[in-house]
Amino acid sequence: MTIQDYLNKIEALQRKKTKIAFLDDDDFEFCVQKINQSAESFFMLDDLLQKFSVIHINSDIVKLSANGLGLLFLEERESGNICFASSDELRPEYRQSFKLVDFLDYVYAFMHSLVYKESQKIIVPSEKDFFWKLAKIGSDLRK
């Protein structure tokens with residue numbers, strides 16, 4: 001699935017073209033509630049997805065999230081075996097950066113939460129651990 005396909009899938013989910021299956025997972029909702037309790041900022045999905053002829057990402061929101069997490073946002077995947085920093089084998093608590101697909105996985109998972117259902121807001125996480133847990137859940141949902 002390309003990034004553009006993923007953006008279209010997220011947009012369809014938001015527009016209720018696809019039914020949101022709210023997850024019945026206590027660990028998932030615990031993570032979302034923790035993120036919600038420590039929330040200092042949030043964004044609306046319409047603010048993230050800028051629509052022209054194709055959907056684009058609002059880079060200011062990605063930067064806001066990167067700053068809140070204290071992580072570096074990598075716009076493109078490095079080619080070759082430059083370092084272990086972006087390896088999928090690296091445990092999440094040691095990661096220092098994230099990619100667009102990680103961020104979209106987080107957004108996609110968050111859209112399946114009761115917090116999103118009630119507020120239509122996506123909370124900018126401040127704790128890396130919860131970000132990576134939701135990104136993993138979003139990745140599983142995407143696949």
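The values are calculated or read from the model by the stated rules, or taken from the named source; none is laboratory data. This is a predicted model, so every value here is computed, not measured. Ideal geometry is used to build each Cβ from the backbone, glycine not excepted, and the neighbour counts take in all protein chains shown.
For the reader, a short list of remarks on this structure follows.
- For the range 5-58, filtered to residues that are surrounded by fewer than 12 Cβ atoms within 10 Å (Cβ to Cβ) and farther than 22 Å from Lys136 by Cα, the residue that is modelled with the highest pLDDT is Glu40.
- Tally, over the range 91-143, of residues that are surrounded by 15 or more Cβ atoms within 10 Å (Cβ to Cβ), of a type in the set (S, T, N, Q) and part of a helix (DSSP H, G or I): 1
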